Amino acid sequence: MRFLAVDPGEKNIGIAISDPTGTIANPLAVLAHVSRPIDAAAIAQIAAEHGAGKIIVGQALDEENRPTPQSRRAARLAAAIRTQTDTPVELWDESGGTQAARFARGLGAPRRKRQRFQRSHLDDLAATYILQTYLDSQAR
């Protein structure tokens, strides 16, 4: 089964997809945030186009695993996605996703390129990190 992951941000939404076996996550797209209903419809459409059996929405919790304003927005997006599709939608702790994506994007790159990477979109890589941590947890 394929899984689709969503990294909701204030300006952009990162999307990642798993391989057909649900083992490896890959970056798929970065959507510009428009509005919750429009974003939810676009995510549901992407999930349907790629045959995703589950949608994972990243939700950042604080150090004590409590919701933050950003995680409440993620929960509202997940609820909006549920109204657009019958595909199950699950929230997953994304803490550290953007930092991990920033680190991964700059690995092995010369300093000049690392600076450019830090300014480019990290949303698709953050979604990939979210999805891979979810997939790894399911494999155990």
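Annotations
- Put simply, when 20-33, 1-14, 49-62 are sorted by average Cβ atoms within 10 angstrom per residue, most first, you get 1-14, 49-62, 20-33.
- Local charge for ASN65 was computed over the other residues whose Cβ lies under 15 Å away, with Lys and Arg +1 and Asp and Glu -1, and equals -3.
- Remark: relative contact order (the range 1-95) = 28 percent; criterion is Cα-Cα distance under 8 angstrom and separation of 6 or more residues.
- Near ILE130, once Lys and Arg are set to +1 and Asp and Glu to -1 for all other residues with Cβ below 9 Å from its Cβ, the sum equals -3.
- Virtual paramagnetic centre 7 Å along Cα→Cβ of ALA79, amide N under 18 Å, in the range 1-18: 8-9
- Per-residue extension of 0.36 nm, minus the Cα-Cα distance of ARG140 and ALA29, leaves a gain of 37.2 nm for this segment.
Laboratory data are not the source of any read-out in this text; all were calculated from the coordinates shown. All values derive from a computational prediction rather than experimental measurement. Note: ideal-geometry Cβ built from the backbone for every residue, glycine included; neighbour counts use all protein chains shown.
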